[in-house]
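Peer 1: Sending over a structure as structure tokens; questions will come in a sec.
What follows draws every value from the coordinates through simple rules; no lab data is involved. Owing to the predicted nature of the structure, the values given are computational and were not obtained by experimental measurement. With ideal geometry, Cβ positions are generated from the backbone for all residues, glycine too; neighbour counts draw on all protein chains shown.
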Amino acid sequence: MAEPIDVSEGVFVPAKAIQMKAVRAGGPGGQNVNKVASKVELRIDLERIEGLDDGARQRLRQAVRNQVGADGIWIIVSSLTRDQLLNLEDARRKVARAIEKSLHVPKHRTLTRPTRGSQVRRVEAKKRTAQIKQGRRSGSWE
């Protein structure tokens, strides 16, 4: 059974929520690829992650939506190196980083109108570009 993943104070993935599977990595590597299962797949049950509030859980689910199967299990894959233990650590770091990022509440942006000066600068830039392009045109094709 895998060890729990500590993310921050009070937030962790318990060991019962993690399944680790080693599989053969694809790609170049000679005969070693055919013999050694160095690629690591971590499967994490998103509902069992402890310490997440509803907002953080929703942000995490949105961030990893392409890595979640139909059964709600988050699949993290690492084949960074030819060493299984290093790949396991890399996968665990990916999990911790994603959960840590979901704990951050994004700042709400208040929409504002562009200032008069920025509008004038934009129009002036468009006029300069138009003049440059007009200068490239030739008078006739004769």
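Peer 1: By its C-alpha gyration tensor, with a ≥ b ≥ c as the square roots of the eigenvalues, how is region 5-103 shaped: rounded for a/c under 1.5, else prolate for a/b larger than b/c, else oblate?
Peer 2: prolate
Peer 1: Where Lys and Arg each count +1 and Asp and Glu each count -1, what net charge lies around P14 among other residues with Cβ under 13 Å from its Cβ?
Peer 2: Here the charged neighbours net out to -3.
Peer 1: Let me ask something additional. What is the magnitude of the charge dipole of the chain about its Cα centre, with +1 placed on the Cβ of each Lys and Arg, -1 on the Cβ of each Asp and Glu, and no other charges, expressed in debye to the nearest 20?
Peer 2: 1420 debye
Peer 1: If you don't mind, another one. What aspartates and glutamates could a cross-link reach from K101, if we take a straight Cα to Cα line under 19 Å and drop same-chain neighbours fewer than 8 places away?
Peer 2: Correct list for K101: D6, E9, D45, E47, E50, D53, D54, E89, D90.
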